[in-house]
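One structure is given here, and the rest of the page talks about it.
Each reported figure results from applying straightforward, stated rules to the coordinates on display, with no laboratory input. Being a predicted model, the structure only gives us computed values, none of them experimental. Every residue, glycine as well, gets a Cβ built from its backbone with ideal geometry; the counts of neighbours run over all protein chains shown.
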Amino acid sequence: YYLLEGTVTFHVGEESYRGEPGATVFFPRGIPHTFTIESESARMLLLNAPGGFERMFELAPSTPEQAIAALARYDVQVVGPHPRDAAGVEP
């Protein structure tokens, strides 16, 4: 991820990193990861390698169940809870 605008906390495994514009974060395969947008909005550039994961977005899942099924097609597991939710913080 390359953070273009906003403030984002990136969660990678057990570590968390607060990012400002210009920050770059690498999420290794097989390590649980997510992010929390801390500002009103944020823009990020995402590069996945190897390619192909972008096809998941073409499936346009509209429910959480459909999203989980679409992600599974690309060997992505949804794990939880989100660090924000585990801490009892309101989104």
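Report Rg(Cα)/(2.2 N^0.38 Å) for the chain, keeping two decimals. If you can, show how the numbers build up before the last one.
Details: Rg = 13.7 Å, N = 91, 2.2 N^0.38 = 12.2 Å.
My calculation over the Cα atoms of the chain gives 1.13.
Note the full-extension length gain between Ala23 and Thr9 as 0.36 nm times their separation in residues minus their Cα-Cα distance, in nm to one decimal. Write down the numbers at each step before the final one.
On the way: separation 14, 0.36 × 14 = 5.04 nm, distance 1.06 nm.
Net length gain for the segment: 4.0 nm.
Select from Pro81, Pro21, Pro50 the residue whose mean-square fluctuation is largest in a Gaussian network model of the chain (Cα-Cα springs shorter than 10 Å).
Pro50
Kindly provide the pair-distance distribution of the range 6-53 built from C-alpha pairs, with 5 Å bins from 0 and whole-percent values in order of increasing distance.
5, 19, 30, 24, 15, 6, 0
For Phe53 and Asp85, calculate 0.36 nm times their separation in residues minus their Cα-Cα distance, and state this gained length in nm to one decimal.
Working: separation 32, 0.36 × 32 = 11.52 nm, distance 2.64 nm.
Gain in length upon complete extension: 8.9 nm.
Select from the range 1-54 those chymotrypsin sites (Phe, Trp or Tyr not before Pro) which occupy a DSSP coil region and have at most 13 other Cβ atoms within 10 Å, ordered by residue number.
On the way: sites: Tyr1, Tyr2, Phe10, Tyr17, Phe26, Phe35, Phe53; in loops: Tyr1, Phe26, Phe53.
Sites meeting the loop and neighbour criteria: Phe26.
What number, rounded to the nearest 500 deg cm²/dmol, is the helix-based mean residue ellipticity at 222 nm of the chain, given -39500 (n - 2.57) per DSSP H run of at least four residues and division by all its residues? Each step should come with its number before you reach the end.
Numbers: 3 runs with 17 residues, N = 91.
Mean residue ellipticity at 222 nm (helix-derived): -4000 deg cm²/dmol.
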